[in-house]
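Below you'll find the structure, written out as structure tokens, and then a few comments.
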Amino acid sequence: MHITLICPPWYYMDRTPIISNNLGLGYIAAYLSQHGHVVEIIDSLAEGNQNAVGVSTKYQRVYRIGLGYDEIVSRIKPDTDMIAITAPFINHAQIIRELSVKVKARYPNIPLVVGGAYPSTLPEHILSPVLSPYIDYVVIGEGEIPMLELASGVEPEKIDGLYYQGRKGRKKITRARFIEDLDSIPFPARQLLPVEKYLHTDTLGRRSRKRSLEILTSRGCPFKCSFCATHPVFGYKWRARSAENIILEIKQLIAAYGVQHINFIDDNISLDSVRMDSLLDQLIKEDFGITWSAVSGLRISTLNEGILEKIKASGGIRINLAIESGDSKILDAMNKGLDIGKIKEIVGICGKLGLNPRGYLMVGYPGETRESFLKSMRFCEELKAAGMKTFILSIAQPYPKTPLWEMCREHKYLVRDDLENVLFFSEYPQPNIITPEFDQREICFRFKYAQRRLNPIEYWGEKILPRAWAKRLIPKELKDVL
């Protein structure tokens with residue numbers, strides 16, 4: 001079968017896109033190719049990253065970046081037997097609707113499949129009456145096995161991980177499919193992707209001097225942080241590739257693309273300390289002369305001085321730590337299972353080793369009072385003194401189907417609860433959570449205050465933030481506590 005996989009355009013607040021390496025499509029393409037199917041990939045985001053179209057959504061005006069819909073459709077070859085579109089975010093709903101209409105107008109008899117985080121989280125939403133005439137199948141969870149079975153002629157009703165519209169009403173099969181042995185699947189089919197578009201862009205969309213690519217070494221997460229939306233796609237069971245398998249992929253990337261830096265994008269790369277030790281030992285032994293980063297955040301409870309020393313020796317130059325809050329009560333509310341003392345210990349070791357970690361920090365979580373916010377700020381300043389380089393700040397965002405979303409709906413904390421539009425860029429200046437402890441204005445102030453206090457160089461573009469300037473920016477009613 002001839003299959004075309006499509007990465008659609010993405011929405012952004014500005015014209016500077018973050019270019020995804022599209023490992024999901026790369027894995028599916030490699031898996032299908034391994035079983036004899038012919039696959040092509042259209043990465044409209046990377047190939048059309050200079051094409052920004054202003055779009056009015058329900059609440060905001062944003063940019064749709066990527067190839068135009070007509071150009072995407074024109075690149076689908078007439079002999080294609082199946083078309084599949086990835087929808088990595090729920091705010092892709094409008095894009096999926098518009099692109100699906102265009103695809104079906106040109107190829108009405110070719111099956112159209114949609115997979116990714118959006119359909120995995122809200123399959124019933126994507127097969128609503130508005131979309132169901134255009135989308136034939138929805139894949140939930142990991143896509144390799146359902147896509148292969150569908151392409152190989154297995155009857156849809158026998159495929160777990162597939163939703164579709166049957167003749168007598170909607171047929172739902174809700175059990176997602178997860179691959180247990182990750183070493184058994186081939187490396188992503190990067191030869192089908194526009195790799196040159198990825199090589200000099202880091203995971204934050206910035207220009208990178210080093211030739212960099214992403215690697216995923218594990219899937220799934222056993223933890224239950226209340227704000228996390230990863231489980232509908234990858235599940236709760238953590239599955240990992242062997243260190244030997246990862247080293248083989250790194251060798252391939254160096255040989256094929258001259259890679260100088262690896263971005264590990266796992267949610268939990270260090271979860272198994274034995275595997276992490278083995279990976280670091282082999283990186284040190286191979287001495288590739290490359291650097292690497294763990295951009296999605298290392299779980300602090302899995303780290304110790306021995307592992308951090310090996311991270312440094314193996315070329316680790318940028319590690320992000322998932323801290324989220326400096327108040328233990330808020331961490332408990334998030335179900336983080338994280339000890340404040342352990343955070344300070346690990347950051348101190350990182351500082352001693354010169355690892356310059358970055359910390360993920362969230363403000364505006366339900367239950368956060370002004371006092372707990374200030375407590376978190378003071379703790380984060382202690383972390384900076386101990387070695388934390390900077391903080392990556394965000395405002396708590398309730399993603400659909402997460403415990404945080406359900407709790408906010410129950411307590412009527414949501415500013416907007418219409419699923420399709422709620423996940424546009426509502427973190428700032430339009431937070432989507434208000435509680436008895438804060439409103440939108442208060443959270444916007446806390447976010448900006450945290451930026452100024454913790455990241456003054458980035459915020460002001462200079463090293464020193466004069467105290468008098470800071471005082472002028474604080475609302476009068478808050479000066480007594482700040």
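The values are calculated or read from the model by the stated rules, or taken from the named source; none is laboratory data. These figures come from a predicted structure and were not determined experimentally. A quick note on method: Cβ atoms are made from the backbone with ideal geometry, for glycine too, and the neighbour counts reach across all protein chains shown.
Values for this structure:
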item: Any chance Glu286 is farther than 24 Å from Leu182 by Cα, surrounded by fewer than 20 Cβ atoms within 10 Å (Cβ to Cβ) and assigned by TED's automatic domain parsing to the domain that holds Gly220; result: no
item: Flag if Leu283 is in contact (Cβ under 8 Å) with a residue 40 or more places away in the chain and at negative phi; result: no
item: Criterion violated by Lys401 - all others in (1) surrounded by fewer than 20 Cβ atoms within 10 Å (Cβ to Cβ); (2) on the phi < 0 side of the Ramachandran plot satisfied; result: (2)
item: Pair list, Cβ < 6 Å and 6+ apart or interchain, from the stretch 1-17 residues that are under 18 Å from Val113 (Cα atoms) to residues that are among the basic types (Lys, Arg); result: Pro9/Arg64
item: Residue satisfying condition, being within 23 Å of the chain's Cα centre (by Cα), farther than 18 Å from Leu361 by Cβ and at pLDDT 95 or above, within set Thr291, Thr302; result: Thr291
item: Only one of Lys310, Lys401, Lys375 that is among the charged types (D, E, K, R) and closer than 30 Å to Leu279 by Cα; result: Lys310
item: Helices (runs of 4 or more DSSP H) completely within the stretch 91-153 that count 1 or more residues being over 21 Å from Ser74 (Cα atoms), in the same structural domain as Asp81 (by TED's automatic domain parsing) and touching a strand residue (DSSP E or B) at 6+ places or on another chain (Cβ under 7 Å); result: 117-121, 123-126, 144-151
item: The stretch 437-458, residues that are outside any helix (DSSP H, G or I) and either of a type in the set (Gly, Ala, Ser) or farther than 15 Å from Thr369 by Cβ (or both); result: Asn455
item: Single residue of Ile323, Ile319 found to be in contact with a Pro (Cβ under 8 Å, 6 or more places away or on another chain) and either part of a helix (DSSP H, G or I) or in the same structural domain as Lys210 (by TED's automatic domain parsing) (or both); result: Ile319
item: Scope the stretch 216-251; condition at pLDDT 95 or above, outside any helix (DSSP H, G or I) and of a type in the set (Val, Ile, Thr); matching residues; result: Thr217
item: Any hit, the stretch 115-122, residues being buried (at least 19 other Cβ atoms within 10 Å of the Cβ), more than 22 Å from the chain's Cα centre (by Cα) and either farther than 17 Å from Gly161 by Cβ or not charged (D, E, K, R) (or both); result: no
item: Scan of the stretch 385-421 for residues that are charged (D, E, K, R) and touching a helix residue (DSSP H, G or I) at 6+ places or on another chain (Cβ under 7 Å), ordered by number; result: Lys401, Arg416, Asp417, Glu420
item: Test result for Ala87, within 19 Å of Gly116 (Cα to Cα), aliphatic (A, V, I, L, M) and not assigned by TED's automatic domain parsing to the domain that holds Pro398; result: yes
item: Selection status of Glu345, in the same structural domain as Met377 (by TED's automatic domain parsing) and on the phi > 0 side of the Ramachandran plot; result: no
item: Options Arg370, Arg318, Arg378, Arg358: the member that is in contact with a Gly (Cβ under 8 Å, 6 or more places away or on another chain) and in contact (Cβ under 8 Å) with a residue 12 or more places away in the chain; result: Arg378
item: Every residue from the stretch 236-280 that is closer than 22 Å to Leu199 by Cα, aromatic (Phe, Trp, Tyr) and without any contact (Cβ under 8 Å) to a residue 60 or more places away in the chain; result: Phe264
item: Residues located in the stretch 22-32, provided they are more than 17 Å from the chain's Cα centre (by Cα) and either farther than 14 Å from Ser184 by Cα or not in a helix (DSSP H, G or I) (or both); result: Ala29
item: Evaluation of Trp405 against (1) under 20 Å from the mean Cα position of the chain (by Cα); (2) in contact (Cβ under 8 Å) with a residue 12 or more places away in the chain (one fails), failing number; result: (2)
item: Exclusive hit being part of a loop (DSSP other than H, G, I, E, B), on the phi < 0 side of the Ramachandran plot, crowded, with 18+ Cβ neighbours inside 10 Å and in the same structural domain as Asn432 (by TED's automatic domain parsing), set Lys336, Lys375; result: Lys336
item: Residue within the stretch 310-324 that is in contact with a strand residue (DSSP E or B) (Cβ under 8 Å, 6 or more places away or on another chain), over 25 Å from Ala386 (Cβ atoms) and surrounded by 15 or more Cβ atoms within 10 Å (Cβ to Cβ) present; result: no
item: Test: residue in the stretch 49-61 that is at pLDDT 95 or above and crowded, with 23+ Cβ neighbours inside 10 Å; result: no
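Here is a yes/no grid of residues against (1) within 21 Å of the chain's Cα centre (by Cα); (2) at pLDDT 95 or above; (3) β-branched (Val, Ile, Thr); (4) over 22 Å from Tyr360 (Cβ atoms):
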| residue | (1), (2), (3), (4) |
| --- | --- |
| Ala396 | yes, no, no, no |
| Asn432 | yes, no, no, no |
| Arg452 | no, no, no, no |
| Lys463 | no, no, no, yes |
| Arg467 | no, no, no, yes |
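One line per residue, one yes/no per condition, for (1) closer than 14 Å to Thr4 by Cβ; (2) of a type in the set (Phe, Trp, Tyr); (3) more than 27 Å from the chain's Cα centre (by Cα):
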residue	(1), (2), (3)
Leu45	no, no, no
Arg64	no, no, no
Lys77	yes, no, yes
Ile90	no, no, no
Leu112	yes, no, no
